[in-house]
Each structure stands twice: as C-alpha cells, then as structure tokens.
1. I need the shape label for the stretch 18-99. Rule: rounded when a/c is under 1.5, else prolate if a/b > b/c, else oblate, with a, b, c from the alpha carbon gyration tensor.
2. Would you look at the GNM of the chain, springs on alpha carbons closer than 10 Å, and say which of ASP86, ASP14, ASP274 moves the most?
3. Compute the helix-to-body angle for 82-93: its Cα long axis versus the longest principal axis of the chain, expressed 0 to 90° and rounded to tens.
4. Considering only the other residues whose Cβ falls under 10 Å of the Cβ of SER150, what net charge follows from Lys and Arg at +1 and Asp and Glu at -1?
5. Of PRO237, PRO21, PRO206, which has the largest mean-square fluctuation in a 10 Å C-alpha GNM of the chain?
6. Suppose each label sits 7 Å from its Cα in the direction of the beta carbon; what would the ARG101-LEU49 distance come out to in nanometres?
7. Which FRET efficiency value, to the nearest 0.05, is calculated for ARG232 and LEU85 with the Förster distance at 35 angstrom and r the Cβ-Cβ distance?
8. Round to the nearest 10 and give me the degree value, 0 to 90, for the angle of helix 47-76's Cα axis relative to the longest principal axis of the chain.
Amino acid sequence: MINIIALAIGWVSDLIFGDPPCLPHPVVGFGKMIAYGEHRLNRGSRRVLKGGLMAVVLILLVFFVVWGIRRLMLAYLSPWWLLPLDAVLIFYCLAGTTLIREVREVFRAVDRSLEEGRTQVARIVGRDTSQLSAQDVRTAALETLAENLSDGVIAPLFWFALLGTPGMMAYKMVNTLDSMIGYRTERYRDFGCLAAHIDDVANYIPARLTALLMIIVSGKWSLLSFVAKYGRNHASPNSGYPEAALAGILDCQFGGTHTYFGEVIEKPYIGSHDRPLTTADMTVAVRVNRLTEVFMVLIAAAVSYSLYTLLPSFP
C-alpha cells in the first residue's frame, strides 16, 4: 500500500503545485550531467559509441542510485520511510499540471499579440518560433500538449507501474537525454543517436497507450482507424500517436514545416482538416489530457499493487 499512497500523494501534489520554480528539480541535475558529458565527449571520432555509452551509464546510474537508497532504507528503517521519498520522486516525475499551465498561457499570450505568443510557446517547444503565425503558435502548443502527455505523464506512470520509482526516475533520464541530444542535426546526429533510440523503445508502449486512453475518454471509438492511419506520419515512431489522437478529437491538422537549430525539417501532416484553432479547442484538449491522466493513475495503481503483491521484493 505504500506505493499506492505515495502515488496518490505525488500525483495530487503535481495537480496542486505543478513544478515549483523555487525548488531544485532532479531533471535540472540530469541536464547538467548530460551537458557536461556532451561537452567533453561530443568531439573527434566514434561519437556514436561515446554518446551511447554516456546515455547507458547515466540511465543505469539513476536507476541503481534510487534503487540502492530504497534498499538501504528498507534494511535499516521502517518501510514507511519510503513513503515521503517515493511521493517526492513521483511528484518530480509528473509534469501534467505545468504543461497545461504553459499551454493555457500560450493561448492567452497569442490572443494579446503574436509576438507574446511566439515568446511564450518558445518555452515549451524546441523549434524556432520567430517566424510562426498565430495559427502556428496554437498548433505548436497543442502538438506539444499531446506529445508531452505521453512523455510527461503516461510514460512515467507506466514505468512506475512496472519498476517503481527507480524505473520512473530512469525514464526521466531517458527522456532528458532525448530532449537534449536526440536531434537529427549536424551536432547531435551521431552523438545522440543511441539516446534517441533508447527513448523510442521506452516510449513505444506508452505512446500508443496514451492515444488509446485519449480515444477512450473522448468516447470517439471511430478514431482508432484515424490514429492507425496518421500515427505513423511523424519522424518519431511514437510522438505521432498521441498527436494523431488529439488531431482526430479536435478534427484539425498537425505537422508541416518546422525549423530546429537553423535547419528546416518537413514533418508529414497528421489529419486533413486544416482549420483555425481556438481557445475552445485548447479547453477540449486540456479536458482530454486530465481525464487521460486520471485513467492512467488508476491503471498504474492497479498494476503496481498487483506486481508488488506477486513480487514484493522487486524492485
């Protein structure tokens, strides 16, 4: 029951607080570790090997540090001491509330002025936003909302259900590696290659599960064929599925031409109805996100309880 209580506390804390800017965040530390390794290793020959080794070492390091701390606490303290530790880690690993707040701010900002909208959306996307139209700004925000529902909520809960907080934290390192070095640009194409592939594997099931849950909470079962058709229309083998689910729910179109680090990248279109997006669309998307999140928390709690009942010593 400790896992279930910790999950409830961590999730409710994220609902209330989001990511407080005044508190240190483990992902910031992950980012510094990755930046240090990339600066030292991303040069010369064998960049694929060096980048891959760095990624694997960092992921395993995070998993076994958290696993080791929990083992020591179990060995010398009451199991209930794990409750605050796990609750805090779960809180840090979930990003649903912060993402929704940011997307809402993007829509408010672009309604005030295009320049404000471009500045605000730059906080949550990796692309160049300086030339985006108002429609592009809103589209980018909703694409990010769908993609990060998988990366920032469903996938962490999926790995928590299977491997507890050590797996959840290791996944956050996987995701941070991909967000920092998993680009197909000249600088990162070789060095971040394996990190990007690891992220693809880690998100393969969660991305498709996200799309399925979004369809379930929307009640639009006919979108299963829509997602099957358009989910593959993305450079990522995973991101297209939650984006396709949201595009189908909103009856809109995602994708197109984007600029990353000065390089123009053409993304296939997801959906065929290229219509203007409004604040009402954002409200629907946020509601779908929240319902999907609730559904996944219940699933994670049930799976975690079942696995720990069968295998109480793992992980």
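1. Details: a/c = 3.31, a/b = 1.57, b/c = 2.10.
Oblate, since a/c reaches 1.5 and b/c is not below a/b.
2. Taking springs between Cα atoms under 10 Å, the residue moving most is ASP274.
3. Value to nearest ten degrees: 20.
4. Values: positive: ARG208; negative: GLU147, ASP151, GLU243.
Result for the local shell: -2.
5. PRO21
6. 4.6 nm
7. Details: r = 40 Å, r/R0 = 1.14.
Computed FRET efficiency for ARG232 and LEU85: 0.30.
8. 40 degrees
The values are calculated or read from the model by the stated rules, or taken from the named source; none is laboratory data. These numbers were taken from a predicted model, which means no experiment stands behind them. Neighbour counts run over all protein chains shown; Cβ positions are idealised from the backbone, glycine included. Please note that ligands, DNA and RNA were not included when accessible areas were found on the heavy atoms of the full protein model with its side chains. Shrake-Rupley method; radii C 1.70, N 1.55, O 1.52, S 1.80 Å.
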